[in-house]
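Input: a single structure, listed below in structure tokens.
The values are calculated or read from the model by the stated rules, or taken from the named source; none is laboratory data. This structure is a prediction, so every number in the text was calculated from the model and none was measured. Glycine gets a Cβ as well: all are built from the backbone with ideal geometry, and neighbour counts include every protein chain shown. Remember, those area values only see protein heavy atoms, side chains included, never the ligands or the DNA or RNA. Shrake-Rupley method; radii C 1.70, N 1.55, O 1.52, S 1.80 Å.
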Amino acid sequence: MNKERKLIIAGNWKMNKTVAEALDLMRGLKIELNNVKEVDVVVCPPFTALCEVSKAVLDSNLRLGAQNMSEHNVGAYTGEIAAVMLKEFSVRYVILGHSERRQYQKESDALISKKAQAVHAAALKPIICVGETLAEREGGQTQKVLETQVRGSLAGLSKEQMAETIVAYEPVWAIGTGKTATTAQAQEAHAFIRGLLVKMFDETVARRVRIQYGGSVKPANARELMSQPDVDGALVGGASLEVRSFSDIIKGSI
Ligand code: PGA
């Protein structure tokens, strides 16, 4: 696929995979994907598997991501994980503000922007998730919601930091539901987000930022979604848990 920006496809394993299962998946992915150079491929295991998966990616072109990170560097924050701890395992990317964390952990845009700054301060790259619920889409609120989330979560980033930030547009109604946004809906939302980045930063930065689509991405719909001009990759949940489906998504996008 001939794209303005290099595609980035990340697997968000969520709360799945023991260490043994994670290594099993990695063995298969390395066989299938070791020659892929055209796409940046990232796997985001749970924290408990990061150590072992970090060894598995060493001799591969797969990159490692985490699913969350603390906004603090060190201290009395029970249950939290700091940037320096992720860096021990060669983590390069950190998913922030996933809709599940916005919903269940009540993460706000203000918190996500603090985390994004901590991620950049550690020279890691954030993947910042935004997206509307079904009620918001049906109520004609999609652009308003996206604007609030984009402005709030990316607040305080410099132009240089923004250029190294990945945004993931994930309509909440499409996550884990089997319903995917149409290519037209995805492109419209991505173009809207890129337009906001022009206003908040500048044209050059906005053209560099990669915007992933997420929400029931499968081998059958991935290529068409990523063929849209402003769709620069995918954040894949369920279909990233199996070697076949994740590698088919990636191979299909080349
Ligand atoms: P899904 O999840 O592919 O299972 O819909 C996507 C995500 O939540 O990142």
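The table below lists the values:
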quantity: Total residues in the stretch 231-246, condition away from the ligand (no atom under 12 Å from the Cβ) and surrounded by fewer than 20 Cβ atoms within 10 Å (Cβ to Cβ); calculated: 2
quantity: Pairs, first farther than 19 Å from Val236 by Cβ in the stretch 96-116, second in a helix (DSSP H, G or I) and within 16 Å of the ligand (Cβ to nearest atom), C-beta under 6 Å, six or more apart; calculated: Glu107/Arg101; Asp109/Gln149; Asp109/Ser153; Ile112/Ser153; Ser113/Ser153
quantity: Some residue of the stretch 67-89 being surrounded by fewer than 17 Cβ atoms within 10 Å (Cβ to Cβ), modelled with pLDDT under 95 and either part of a loop (DSSP other than H, G, I, E, B) or more than 16 Å from the ligand (Cβ to nearest atom) (or both); calculated: no
quantity: Close pairs from the stretch 172-198: first charged (D, E, K, R), partner outside any helix (DSSP H, G or I) and within 16 Å of the ligand (Cβ to nearest atom), Cβ under 8 Å, at least 6 apart; calculated: Lys179/Gly215; Lys179/Ser216; Arg194/Ile211
quantity: Residues located in the stretch 126-151, provided they are surrounded by 21 or more Cβ atoms within 10 Å (Cβ to Cβ) and charged (D, E, K, R); calculated: Glu132
quantity: Extreme residue, farthest from the ligand (Cβ to nearest atom), among residues of the stretch 152-172 that are touching a helix residue (DSSP H, G or I) at 6+ places or on another chain (Cβ under 6 Å) and open to solvent by 30 Å² or more (accessible area, probe 1.4 Å); calculated: Lys159
quantity: Condition met for Ile175 (closer than 15 Å to Arg208 by Cα and either more than 11 Å from the ligand (Cβ to nearest atom) or surrounded by 14 or more Cβ atoms within 10 Å (Cβ to Cβ) (or both)); calculated: no
quantity: Those residues of the stretch 41-61 which are under 26 Å from Ile211 (Cα atoms) and buried (at least 20 other Cβ atoms within 10 Å of the Cβ), in sequence order; calculated: Val41, Val42, Val43, Cys44, Pro45, Leu50, Val53, Val57
quantity: Filter pass, Ala206 being open to solvent by less than 10 Å² (accessible area, probe 1.4 Å), within 22 Å of Arg92 (Cβ to Cβ) and modelled with pLDDT of 95 or more; calculated: no
quantity: Test: residue in the stretch 20-31 that is surrounded by 20 or more Cβ atoms within 10 Å (Cβ to Cβ), out of contact with any Pro (no Cβ under 6 Å at 6 or more places or on another chain) and within 30 Å of Glu132 (Cβ to Cβ); calculated: no
